[in-house]
Each structure stands twice: as structure tokens, then as C-alpha cells.
Amino acid sequence: RPAAMPAFRQVGEKQLPQEVVFMAWSPKRDLIALANRAGEVLLHRLANFQRVWSLPPNENTGKEVTALAWRPDGKILAFGLTDTKRIVLCDVEKPESLHSFSVDSSITYMHWMEVTEESSVLTSFYNAEDESNLLLPKLPALPKNYINPNYVFCIFSEEKSDEIMKLLGDVRLNALVLGGSSGFIEIYAYGMFKIATVTGVAGSCRGLCLSSDLKSLSVITEIRDSSDSEAEITYFQASKLDTSLLSSYLPEVTRMARKFTHISTLLQYIKLSLTCMCEAWEEILMQMDSRLTKFVQEKNTTTSVQDEFMQLLLWGKASLELQALLMNQLTVKGLKKLGQSIESSYSSIQKLVISHLQSGSEALLYHLSELKGMALWKQKYESLGLDASGIEEAITAVGSFILKANELLQVIDSSMKNFKAFFRWLYVAMLRMSEDHVLPELNKMTQKDITFVADFLTEHFNEAPELYNRKGKYFNVERVGQYLKDEDDDLVSPPNTEGNQWFNFLKNSTHLKESPLLFPYYPEKSLHFVKRQMEGVIDQCLQKPA
């Protein structure tokens, strides 16, 4: 008689406050992930069932968890939400969303696998993958004082710069397979980038398994049929799908997916850099525009605001109304504060453009150029759906964004010089009005300084009634904020390109005008508009392989 099998022995039991709907064991550690009816995701230790962390339901991500899956290295947990149709990737160390994306169907099953195939081509790629780290400077961490702590994707903040590597994970390809209702199946490389869509499967997915050599995908679906009789019949169907396109091009799929993840994280970095720039821009900077608009509405004279300031500059005399505006509303103390705010705000934005926006854009240009080189190797990449012309458009869009960022730098630079000279002159004029002592070093004003202030007044102190209809103000003295505001596609005061020799040269050269080597320039548009355009083009080009 064969020996009896030892019986299963219960080693523990734990009462939980909410009904558990899904659970998944970590492939590497003594951890178990749970999702409950309340929409909470919990992580517990198996040995003593001690809670490690809990992630409460969130309005942005969703409240109805319908699937859980661990990344094979056990460092990231993915969960799907049916009410928002979102997938969230969460850090095992702390309850934070590292990345999330939307899908077109409610997810009913998830499977995250790692490719175990070995080949000499893959090994050489694994070893050489860090080439970009040698060629590109390390992206500077974003200043934490500007980042909203509730922002889901804060992995670029100072203390979290290593987490970008955690999200990318090991170079070896891993794939998150999602199954949903109505035969929905999608494959995401590294859990982030969609590389394949599977069609032709009927019913709601109840089970999925992609083989470790990527050659086949097994699916179990639930099909409800109520066509023939009144009673609804439910049956299950097992399908085995041939995915050998992925396995035969494994090195290419790995390379392509790796590039995609680099590009998508860089887009996120640029988006956050821009958020930081918007935070650095302060509402106080609009004070000059609103005070001057109020002055126009309240003054009784027909003299324009520009002429009022010009008279003060040339003759040192101000009308009683201008004196009242400067001394009672703006005040010497207020002018000093405004000057300091402008200087600190502009220099912060300038630093963010130079160190973050430009380095992020250049890294993006590098990875897209490499991707274009891959797409041109048609024998290897054409059947995976990489399209060189689409990538070329994405490169062009990044170039236009870099041009717009450079334009913003020039606007900041000239604004800082203009405001410095203008405030210095106005400060002295106001001290004289209040009959305060003016320091000798402040009193020195050369003809060059006077011309500079006069030019500033001519360009910036023109009343614009059409601007009042659009923005509720007559002036746009502050020129930086218009680049950073998301609600405006067009600039209120685009840069003046009149007399620019390079512009004239381009206009008159038919060959250069049509040249694909020159990035298109949008002088009328804001930085946000050009960024959104760039994101759209890149998104489109990265979606083609799927």
C-alpha cells in the first residue's frame, strides 16, 4: 500500500475588517497583497500577518480593484480598477503610485511574467544597455519645494531619484498581460508600454498565461450565450494563441520596449519640470498689470499711462494722479517687494529651464534618434510596427519644444534686465517724491540708462483695449507668465521678431524655408501648447507597434 500523503496543516488565521476579493503572493518575499471590498490595497507579511502598508481608495485612480499581479522581481505590485479603467503600479516599499495608465476595458485578470530565454544577442544588449548613461548627463532631481506631494508621479524628486531605475527594473524583458471583458487582451512591456493587442478572443477573460519563451499565450474566457433559448448558458473556453512574432524578434522587442520606457519617463520628467516652473511663478508678478489697469479706469486726464511715465522720466515731474498711484497704491515698500519677487521668481524659472527642461529634452532627442535608427533597420524592426516617418515627426516636435524653451530663456533674460533698470529708476523717483534721502550711487543715471527705460516704457506700457476684452487688463508688462499658463494656447505678447536678421534670411530663402533640417518655430504659441503638441506626436508614434 502506498504511503499516505501528509495532510495540509493550518499554520495561522487572521480576522480582517473587510471582505477580501483578491490576493496575490509575492514571488520573491514573504509578502501577500490583498484587495478588499472597500477598494483598499493592503500588503501583509505572511509569517505573522503584520500589515506592511495600506493604500486607501482614491478619486483619481479608482475604488473597485478587480485584479492584482506582482512584477517577477517582487519590487512592484500592479492592480487594475474597473470603475476608472486604470492600471496602477505601486512600490513594494511604500504605498505610493509610481505610474498609472488608462485602458479601454474593465480588467478581469492580470499576469506578469519574465522572459527566461537566453541568447548571445540578448546578453550583449543587457551588458551594453547603459550606454545612454555614459553619453548623457544625469538628470538633475526636481526641487522638492515645488512638487505637489499628492502628485502621483513624484519619482524625480530629490530623495527619490533612484526610483526611476526601480520603475524601469531589470533590463531583462518582463511583460504585464491584461485581460478584460469582451475579449480584451493587451501586453505591456515592463508593465508600462503597450507592445501588442490580441484580437479574436470571445468572452470575459478569467485566466491568462504567457509562456516564458513568448511563443504562446493561453487564455481562459467565460462566455455567456442566451441566443437560442430563454435560459442563459455560461461556458468556459480555453484558447492557445501563437505569439511567436514576439519570440522570434525577442532582442528587437526588448530593445524597442526599453527605449519606449526611457522616452515615456522623460516625458513625465519634462511635464513635472514645467509644473515646478509654474509653481515658481508667483501671482504677485501680475501686480503691475492690475495696478496700471485700475489707474486707467480711475484717472480723469486724457494723457496715456505711457506718456505719464515718460514725463516723469524726462522732466522728473509726475501728475497728481500718478503720484497717488505710486505713493499710495504701489508704495516704496511694495515696489521693493515686487522687485525682489520678480528677481527670485525669474531666476528660479531660468534655472529650471536650463538644468531640467533642456537636459530632459536633449535626452528625449537622443532616445528618439536612436529609435529612428532602429526603425530604419527594416529587416529587424519593420514587422514590429516601428515607423521611421512617425519618429521623425516626434524628433521635429521635440526640436520645436527646445526652441520654445530657448525663447522663454531670452524673454526671462531681457525681462530681468528691463525690470531691474525700470525699478531702480522708479525707486529713485518715488524717494524724491517723498523727499527721502537718495543714496549717491542710486542717483547716477547715464543717457544709456534713460534710453533703456524709455524703450521699456514704449514697448510695455501701451494700453491695449483688445487685451482688456480677452484678459480683463489693459497691460501685459509681465511677459514670462504667458508661457507657463496651461489655459492659453496663444501668447498675449509674442516676441518681436522685426529686424531679426536670421528671420529675414529664412523668409527670403526658399530652400531653407522648406528644409526638413530646420525645426518648425511657433512664435505665437505658449510653451504649454508646444509641449502638448510634442506629447501628442510622441504618443502617436509610440502606439503604432501595439
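The values are calculated or read from the model by the stated rules, or taken from the named source; none is laboratory data. Just so we're clear, the structure is a prediction, and the values are computed from it rather than from any experiment. So basically every Cβ, Gly included, is an ideal-geometry build from the backbone, and we count neighbours across all protein chains shown. These accessible areas exclude ligands, DNA and RNA; they are computed on the full protein's heavy atoms, side chains included. Shrake-Rupley method; radii C 1.70, N 1.55, O 1.52, S 1.80 Å.
Listing for the model above:
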{"read-out": "Sole residue being open to solvent by 20 Å² or more (accessible area, probe 1.4 Å) and within 30 Å of Leu77 (Cα to Cα), chosen from Tyr269, Tyr235, Tyr190, Tyr249", "value": "Tyr249"}
{"read-out": "Residue count for the range 534-546, restricted to those that are closer than 12 Å to Ala397 by Cα and crowded, with 18+ Cβ neighbours inside 10 Å", "value": "4"}
{"read-out": "Every pair of residues 6+ apart whose Cβ atoms lie under 7 Å, when the first sits in the range 281-294 and is open to solvent by less than 50 Å² (accessible area, probe 1.4 Å) while the second is basic (Lys, Arg) and outside any helix (DSSP H, G or I)", "value": "Asp289/Lys473; Thr293/Lys473"}
{"read-out": "Residues within the range 340-361 that are open to solvent by 10 Å² or more (accessible area, probe 1.4 Å) and under 17 Å from Arg532 (Cα atoms), tallied", "value": "1"}
{"read-out": "Contacts under 9 angstrom Cβ, first residue in the range 315-327 being in contact (Cβ under 8 Å) with a residue 60 or more places away in the chain, partner assigned to a loop (DSSP other than H, G, I, E, B) and among the hydrophobic types (A, V, I, L, M, F, W, C), 6 or more apart", "value": "Leu326/Ala318"}
{"read-out": "Residues of the range 403-435 classified as of a type in the set (Asp, Glu) and free of Cβ contacts under 8 Å to residues at least 60 places away in the same chain, total", "value": "1"}
{"read-out": "Exclusive hit being closer than 29 Å to Lys351 by Cα and not in a loop (DSSP other than H, G, I, E, B), set Phe519, Phe475, Phe456, Phe505", "value": "Phe456"}
{"read-out": "Candidate set: the range 274-300, residues that are within 30 Å of the chain's Cα centre (by Cα) and β-branched (Val, Ile, Thr); chosen: the one nearest to Lys351 (Cα to Cα)", "value": "Thr275"}
{"read-out": "Matching residues, the range 381-401, being over 17 Å from Gly536 (Cβ atoms), surrounded by 16 or more Cβ atoms within 10 Å (Cβ to Cβ) and touching a residue at least 60 places away in the same chain (Cβ under 8 Å)", "value": "Tyr381, Leu384, Leu386"}
{"read-out": "Members of the range 82-91 found to be open to solvent by 10 Å² or more (accessible area, probe 1.4 Å) and either acidic (Asp, Glu) or under 16 Å from Thr197 (Cβ atoms) (or both), listed by number", "value": "Asp83, Lys85"}
{"read-out": "Yes/no for Gln306 being open to solvent by 60 Å² or more (accessible area, probe 1.4 Å), of a type in the set (S, T, N, Q) and at pLDDT 85 or above", "value": "no"}
{"read-out": "Any hit, the range 158-168, residues being closer than 30 Å to Glu59 by Cα, open to solvent by less than 20 Å² (accessible area, probe 1.4 Å) and at pLDDT 85 or above", "value": "no"}
{"read-out": "Within the range 379-398, tally of residues that are under 20 Å from Leu245 (Cβ atoms) and either among the acidic types (Asp, Glu) or at pLDDT 95 or above (or both)", "value": "2"}
{"read-out": "Condition met for Leu376 (at pLDDT 95 or above, open to solvent by 20 Å² or more (accessible area, probe 1.4 Å) and farther than 30 Å from Gln311 by Cβ)", "value": "yes"}
{"read-out": "Lone unmet requirement of (1) modelled with pLDDT of 70 or more; (2) under 22 Å from Leu81 (Cα atoms); (3) surrounded by fewer than 17 Cβ atoms within 10 Å (Cβ to Cβ) for Phe184", "value": "(3)"}
{"read-out": "Residues being within 29 Å of His262 (Cβ to Cβ) and either at pLDDT 90 or above or open to solvent by less than 20 Å² (accessible area, probe 1.4 Å) (or both) - total across the range 199-209", "value": "2"}
{"read-out": "Some residue of the range 132-139 being within 30 Å of Ser369 (Cα to Cα) and among the hydroxyl-bearing types (Ser, Thr, Tyr)", "value": "yes"}
{"read-out": "Residue, modelled with the lowest pLDDT, within the range 27-76, restricted to residues that are hydroxyl-bearing (Ser, Thr, Tyr) and crowded, with 19+ Cβ neighbours inside 10 Å", "value": "Thr61"}
{"read-out": "Check on Phe423, in contact with a Gly (Cβ under 7 Å, 6 or more places away or on another chain), open to solvent by less than 70 Å² (accessible area, probe 1.4 Å) and either more than 26 Å from Leu335 (Cβ to Cβ) or part of a helix (DSSP H, G or I) (or both)", "value": "yes"}
{"read-out": "Test: Leu330 is closer than 28 Å to Gly373 by Cβ, in contact (Cβ under 8 Å) with a residue 24 or more places away in the chain and either open to solvent by less than 30 Å² (accessible area, probe 1.4 Å) or over 26 Å from the mean Cα position of the chain (by Cα) (or both)", "value": "no"}
{"read-out": "Per-region count, the range 477-496, residues surrounded by 14 or more Cβ atoms within 10 Å (Cβ to Cβ) and out of contact with any Leu (no Cβ under 8 Å at 6 or more places or on another chain)", "value": "9"}
{"read-out": "Which numbered condition Lys404 misses (of (1) among the basic types (Lys, Arg); (2) open to solvent by 10 Å² or more (accessible area, probe 1.4 Å); (3) more than 21 Å from Ala141 (Cα to Cα))", "value": "(2)"}
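Residue-by-condition table, conditions (1) open to solvent by 10 Å² or more (accessible area, probe 1.4 Å); (2) of a type in the set (Lys, Arg); (3) assigned to a strand (DSSP E or B); (4) farther than 16 Å from Ala35 by Cα:
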position	(1), (2), (3), (4)
Glu93	yes, no, no, yes
Phe101	yes, no, yes, yes
Asp104	yes, no, no, yes
Thr108	yes, no, yes, no
Trp112	yes, no, yes, yes
Glu117	yes, no, no, yes
Val121	yes, no, no, yes
Tyr126	yes, no, no, yes
Asn133	yes, no, no, yes
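Residue by residue, here is whether (1) under 21 Å from Val411 (Cβ atoms); (2) out of contact with any Asp or Glu (no Cβ under 9 Å at 6 or more places or on another chain); (3) of a type in the set (S, T, N, Q); (4) open to solvent by 50 Å² or more (accessible area, probe 1.4 Å) holds:
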{"position": "Met430", "(1), (2), (3), (4)": "no, no, no, no"}
{"position": "Phe505", "(1), (2), (3), (4)": "no, yes, no, yes"}
{"position": "Pro516", "(1), (2), (3), (4)": "no, no, no, yes"}
{"position": "Ser526", "(1), (2), (3), (4)": "yes, no, yes, no"}
